[in-house]
Amino acid sequence: MIIILTSGICEKISGGTIYNAKLYEFLAEKGQNVVVEVVASINEYNFRNEVSYIIDGILIDENLNMIRLKEFKICFLIHLWPSINQTHLKSDTLIKIEKQICESFLIFITGTVSSDYINDFIKPETKKYYLIEPGIDSGWKTKDHFKKKPQKIVYLANFIEGKGHVKLLKVAEKLRNLDFKIDCFGEILSENYYLEMINQSERFELKNITFNKAVPHQQINDLLLQYDLMLHFSDYESYGMAVMEAFSTHLPCIITPTGNYKKYQSIGFQGVLKSFDIDEMINGVENTLISPNRYLQLVQSVKNIGIESWETNFDLFLSKIEGL
């Protein structure tokens with residue numbers, strides 16, 4: 001039996017929760033007896049010797065009882081190490097816990113940011129991790145018609161600190177005289193943050209930007225097909241599923257240098273900004289909005305990016321967890 005332990009975040013839509021749901025479906029289809037359980041704290045959980053556990057990294061905290069965990073068949077699924085997530089305060093205790101996890105358990109990493117963190121920062125004495133990236137659904141549809149210049153822009157990111165909406169509003173305010181419309185979609189994970197976005201939008205009198213609820217994942221492909229361009233100004237991503245799904249739709253993007261951007265650059269994608277500087281964002285978006293040649297370059301640069309299926313990526317996951 002396999003039990004996936006996660007937090008109440010599983011009730012929201014995010015890259016991590018979609019990944020977990022796809023993993024659950026895959027394991028079930030492969031004949032595994034698998035269940036998902038929501039827990040508030042790992043320390044309070046009643047582990048069983050006969051069960052294999054996949055612990056979502058969102059449950060890692062400073063109070064984790066590492067000695068107790070070593071008694072059971074456990075692996076960790078890391079979407080983003082807590083010390084990287086800028087909504088958390090870094091602490092020496094938390095970093096020590098992360099290092100002990102790397103040295104004591106099998107680790108599955110969903111993005112290169114998390115694996116780079118292991119190699120460059122944690123530097124455990126032993127390394128036992130596997131990078132298993134998100135995949136794309138079968139039958140994913142691609143755009144085959146583009147305007148000369150983009151007008152409809154989509155911004156897919158949950159409303160929480162670090163996801164770039166503050167910068168997006170500044171860009172929209174500076175370029176307000178140009179002809180474009182931005183639609184934001186996401187879960188409200190921080191009410192204060194969301195309300196601040198609404199207030200700023202009203203203060204700037206931005207009539208061309210909307211804030212919308214999250215879209216069910218099965219509708220994302222059809223949603224992306226309606227747009228000319230995606231913007232993504234996040235401060236941190238482990239992988240960046242929204243960007244990956246835009247690429248798979250052949251929807252051009254302008255993104256900050258985070259998530260899987262190094263891989264995208266290596267195969268010719270031209271929409272990665274050099275920094276997180278507001279002025280660079282403004283210039284990058286403005287050039288794309290007013291220059292048909294620049295927009296065409298972005299369109300062409302996303303057409304050669306191939307993404308594996310969920311099933312192909314998860315085959316390695318299954319082979320390793322069966323050996324726990």
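The values are calculated or read from the model by the stated rules, or taken from the named source; none is laboratory data. Everything numeric here is computed off the predicted structure, so don't read it as measured data. Ideal geometry is used to build each Cβ from the backbone, glycine not excepted, and the neighbour counts take in all protein chains shown. Surface areas here come from the heavy atoms of the whole protein model, side chains and all, with no ligands, DNA or RNA. Shrake-Rupley method; radii C 1.70, N 1.55, O 1.52, S 1.80 Å.
Table for the structure above
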{"item": "Simple spin-label estimate for Asn63 and Gln219 in nanometres, 7 Å along Cα-Cβ", "result": "3.9 nm"}
{"item": "Kirkwood-Stokes translational diffusion coefficient of the stretch 81-192, alpha-carbon pairs, 10 °C, 1.306 mPa s, µm²/s", "result": "89 µm²/s"}
{"item": "Rg in Å to one decimal, and Dmax rounded to a whole Å, for the stretch 189-324 via C-alpha atoms", "result": "17.3, 58"}
{"item": "Assigned charges on the beta-carbon of Lys, Arg, Asp, Glu; the stretch 1-48 dipole about Cα centre (debye)", "result": "100 debye"}
{"item": "Order of exposure, largest accessible area first, which applies to His217, His165 with probe 1.4 Å", "result": "His217, His165"}
{"item": "Distance cut-off 15 Å, percentage of C-alpha pairs in the stretch 3-71 lying past it", "result": "55 percent"}
{"item": "Protection proxy ranking, peptides 298-306, 203-211, average beta carbon neighbours within 10 Å, highest first", "result": "298-306, 203-211"}
{"item": "Calculated Rg and Dmax of the chain using C-alpha coordinates, Å", "result": "20.4, 64"}
{"item": "Selection from Ala40, Leu106, Ile136 lying farthest towards where the dipole of the stretch 23-171 points positive, charges on Cβ", "result": "Ile136"}
{"item": "Mean separation of Cα contacts under 8 Å, 6 or more apart, over the residue count of the chain: relative contact order %", "result": "18 percent"}
{"item": "P(r) tail fraction, the stretch 137-214 - alpha-carbon pairs more than 17 Å apart, %", "result": "50 percent"}
{"item": "Residue with peak Gaussian network fluctuation, the chain [Cα springs, cutoff 10 Å], from Met281, Met197, Met66", "result": "Met66"}
